[in-house]
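**Student:** Questions regarding the structure given below will be posed in turn.
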Amino acid sequence: LPGDWRSGVDAGAIQAKLSDDADHQIKAVCVVHNETSTGVTSDIAAVRAAIDNASHPALLMVDTISSLGSMEYRHDDWGVDVTVGGSQKGLMLPPGLGFNAVSARALAATASASLPRSYWDWQKTLASNADGYFPSTPATNLLFGLQEAIAMLLEEGLDAVFARHARLAEAARRAVQAWGLELLCRNVDQYSSSLTAVQMAEGTDADAFRRIVLERFDMSLGNGLGKLAGRVFRIGHLGDFNELMLLGSLSGIEMGLAVSGTDYQAGGVQAAIEFLAG
Ligand SMILES: Cc1ncc(COP(=O)(O)O)c(C=O)c1O
């Protein structure tokens, strides 16, 4: 289902599509919880409700790669069948680990699935996991890192971690708005706590701006992807991140705006400081 890339998924459209699928050709609804390329989140519970309202058996599969450990996410409560996570974002680890949370319905679906698979076969993994092993060589170094990452998250407390990210994200958005730039995410209730995507004015080359920030201040900003290439830059604020790190990022952007000759208003960093110190 196409979207506008500035809003979360439309649960109503999903419900309509499923209601039209009388002979149940659709096997799964796949949704990204936090879209890393746009900084837009989607309401997963609403998608579950849409599937249920359509009385459709499709499985609900959710990508939480850039939300897991940074924003509230509830696999069981939201009735998700397959959740996919990764090590490289909110879990503060290098890339290399992937995680699946799998419902009983999704596990049952593997029994009749005819897609050839070996490495990705959950049954093999589950059988080995029962004894504390893996069917292939596990990335033990990353698993030791994961143990520590989880200890850090639980020591701070998940609610406190989520609140920290939400607060830093709000400070970032205040800076963007003070600069007179546009948040890519249209809807207040869909703002991401992991990252903020900023749309530059029509005719401004966001990649040229990112290059200046990289060359002058040694800071790499995320780019716009696909049809947003050259229009957008992204500010990451997930994982092991605090006020001073954010203010460093925002200062680099504000200096970049000045150096690049972009049309903007000074004061974004100050707006963030006022929010964070308030
Ligand atoms: C939301 C989301 N999904 C999927 C991916 C792809 O993950 P990987 O590169 O580990 O395959 C990423 C990027 O890391 C992501 O941010």
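The values are calculated or read from the model by the stated rules, or taken from the named source; none is laboratory data. Nothing here was measured: the structure is a model prediction, and the numbers come from that model. Don't worry about glycine lacking a Cβ; one is built from the backbone with ideal geometry, like all the others, and counts go over all protein chains shown. The area values use the complete protein model at the heavy-atom level, side chains included, leaving out ligands, DNA and RNA. Shrake-Rupley method; radii C 1.70, N 1.55, O 1.52, S 1.80 Å.
**Student:** Return the residues of region 81-96 that are within 12 Å of the ligand (Cβ to nearest atom) and under 16 Å from LEU153 (Cβ atoms); say none if nothing qualifies.
**Tutor:** Selection gives GLY85, GLY86, SER87, GLN88, LYS89, GLY90, LEU91, LEU93.
**Student:** Return the total of residues in region 248-262 being within 21 Å of the chain's Cα centre (by Cα) and open to solvent by 30 Å² or more (accessible area, probe 1.4 Å).
**Tutor:** 0
**Student:** Right, another one. Can GLU72 be described as acidic (Asp, Glu) and under 27 Å from LYS227 (Cα atoms)?
**Tutor:** No, not satisfied.
**Student:** Hey, another quick one. Can you give me the number of residues within region 212-234 that are over 18 Å from SER37 (Cα atoms) and open to solvent by 60 Å² or more (accessible area, probe 1.4 Å)?
**Tutor:** 4
**Student:** Let me ask something else. Restricting to region 112-123, what's the tally of residues that are surrounded by 14 or more Cβ atoms within 10 Å (Cβ to Cβ) and of a type in the set (D, E, K, R)?
**Tutor:** Number of matching residues: 1.
**Student:** If ALA58 passes every condition in (1) within 12 Å of the ligand (Cβ to nearest atom); (2) farther than 24 Å from PHE134 by Cβ but one, which one does it miss?
**Tutor:** With (1) within 12 Å of the ligand (Cβ to nearest atom); (2) farther than 24 Å from PHE134 by Cβ applied to ALA58, the lone miss is (1).
**Student:** Taking region 28-39, which residues are away from the ligand (no atom under 11 Å from the Cβ) and in contact with a helix residue (DSSP H, G or I) (Cβ under 8 Å, 6 or more places away or on another chain)?
**Tutor:** Selection gives VAL29 alone.
**Student:** Return the only residue of ALA197, ALA163, ALA151 being under 22 Å from MET92 (Cα atoms) and outside any helix (DSSP H, G or I).
**Tutor:** Checking each option against the conditions leaves just ALA197.
**Student:** Tally time: how many residues in region 246-272 are within 23 Å of ARG167 (Cβ to Cβ) and in a helix (DSSP H, G or I)?
**Tutor:** Of the residues in region 246-272, 14 are within 23 Å of ARG167 (Cβ to Cβ) and in a helix (DSSP H, G or I).
**Student:** Failed condition for PHE99, given (1) aromatic (Phe, Trp, Tyr); (2) away from the ligand (no atom under 16 Å from the Cβ); (3) outside any loop (DSSP other than H, G, I, E, B), with all others met?
**Tutor:** (2)
**Student:** Condition check: in contact with a Leu (Cβ under 7 Å, 6 or more places away or on another chain), among the charged types (D, E, K, R) and open to solvent by less than 30 Å² (accessible area, probe 1.4 Å). Does ARG173 satisfy that?
**Tutor:** Yes.
**Student:** While we're here: List the number of the failed condition for ALA22; all other conditions in (1) part of a helix (DSSP H, G or I); (2) away from the ligand (no atom under 16 Å from the Cβ) hold.
**Tutor:** Just one mismatch for ALA22, condition (1).
**Student:** Considering region 81-95 alone, what residues qualify as being of a type in the set (A, V, I, L, M, F, W, C) and open to solvent by less than 50 Å² (accessible area, probe 1.4 Å)?
**Tutor:** Of everything in region 81-95, those that are of a type in the set (A, V, I, L, M, F, W, C) and open to solvent by less than 50 Å² (accessible area, probe 1.4 Å) turn out to be VAL82, LEU91, LEU93.
Residues are listed down the side, and each one gets a yes or a no for (1) without any contact (Cβ under 8 Å) to a residue 40 or more places away in the chain; (2) surrounded by 12 or more Cβ atoms within 10 Å (Cβ to Cβ); (3) within 16 Å of the ligand (Cβ to nearest atom); (4) among the β-branched types (Val, Ile, Thr):
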{"site": "ASP63", "(1), (2), (3), (4)": "yes, yes, yes, no"}
{"site": "MET71", "(1), (2), (3), (4)": "no, yes, yes, no"}
{"site": "GLY79", "(1), (2), (3), (4)": "yes, yes, no, no"}
{"site": "ARG105", "(1), (2), (3), (4)": "no, yes, no, no"}
{"site": "THR110", "(1), (2), (3), (4)": "yes, yes, no, yes"}
{"site": "THR125", "(1), (2), (3), (4)": "yes, yes, no, yes"}
{"site": "ASP131", "(1), (2), (3), (4)": "yes, no, no, no"}
{"site": "LEU143", "(1), (2), (3), (4)": "no, yes, no, no"}
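**Student:** Any idea which of ASP43, ASP10 is touching a helix residue (DSSP H, G or I) at 6+ places or on another chain (Cβ under 8 Å), more than 15 Å from LEU59 (Cα to Cα), open to solvent by 40 Å² or more (accessible area, probe 1.4 Å) and among the charged types (D, E, K, R)?
**Tutor:** Just one listed residue meets the conditions, ASP43.
**Student:** Taking region 51-77 on its own, how many of its residues are of a type in the set (A, V, I, L, M, F, W, C) and out of contact with any strand residue (DSSP E or B) (no Cβ under 8 Å at 6 or more places or on another chain)?
**Tutor:** 1
**Student:** Being touching a residue at least 40 places away in the same chain (Cβ under 8 Å) and aliphatic (A, V, I, L, M) is the filter; apply it to region 178-197 and report the residue that is surrounded by the most Cβ atoms within 10 Å (Cβ to Cβ).
**Tutor:** Per the stated criteria, the residue is ALA197.
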